[in-house]
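Just below is one structure, and these are the notes that go with it.
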Amino acid sequence: MLQQFLHDFGYFALFLGTFFEGETILVLAGFLAFRGYMDINMVVVVAFFGSYAGDQLWYFLGRKHGRKLLARKPRWQMMGDRALEHIRKHPDIWVLSFRFVYGLRTVMPVAIGLSGYPPGRYLLLNGIGAAIWATALAAAAYHFGAVLEGMLGSIKKYELWVLGALLVLGVGLWLRRRFKNARLAKQVYADEQAAKAALLNQDEASKAAEPKTPAE
């Protein structure tokens, strides 16, 4: 059943997963390649194109609508401002490496586009970064399976448990980020309300302190 599902939809799911996010599904695909359900070379190629296409899209959206996109989420706004500082100092390094920093996959390409980074240079270096990322992560997951088999012997009877654990870990990290975003949004909203209240009180105090003009 698993083999048939992966044969029919595995590489398409991998492309979609790496297009939008990437880490968890690529690790799963690398492990499944070790188990013989997928081809490791195809995993790397599909992950490369998914990641490359997704980050090119976010980059061009950043060039056109960067500030609007970052303003949609408080955490994106905060991280985007920090990302712009890093990009201005070491732009090429960040284009090559941002995929390896968890949580920056979406924000960083938008910030890079917003920074005015040259499209042609991004096209080249983003491709190099995507190739390194896809190869390194898929190979790490593949060798993780080999190490696990060396420790446990045949892992066929454990493979569903391993896949479940990797999936739970990925979902757990995603939920942790969602809860962190929600807490930050509440904090930003509270700070904005406090700032508005302070400004209102200041205006009222200023009006109260103004000298009264005697009526004629």
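The values are calculated or read from the model by the stated rules, or taken from the named source; none is laboratory data. Computed from a predicted structure; not experimentally measured. Positions of Cβ are backbone-derived with ideal geometry, glycine not excepted, and every protein chain shown enters the neighbour counts. Accessible surface is based on the protein model in full, side chains and every heavy atom, while ligands, DNA and RNA are left aside. Shrake-Rupley method; radii C 1.70, N 1.55, O 1.52, S 1.80 Å.
Quick notes on this one:
- Hey, ALA47 assigned to a helix (DSSP H, G or I), over 19 Å from PHE12 (Cβ atoms), small (Gly, Ala, Ser) and under 17 Å from the mean Cα position of the chain (by Cα) or not: no
- Lone unmet requirement of (1) open to solvent by less than 90 Å² (accessible area, probe 1.4 Å); (2) over 15 Å from the mean Cα position of the chain (by Cα); (3) within 16 Å of VAL27 (Cβ to Cβ); (4) modelled with pLDDT under 65 for LEU184: (3)
- Residue in segment 138-159 that is modelled with pLDDT of 65 or more, exposed (fewer than 12 other Cβ atoms within 10 Å of the Cβ) and among the β-branched types (Val, Ile, Thr) present: yes
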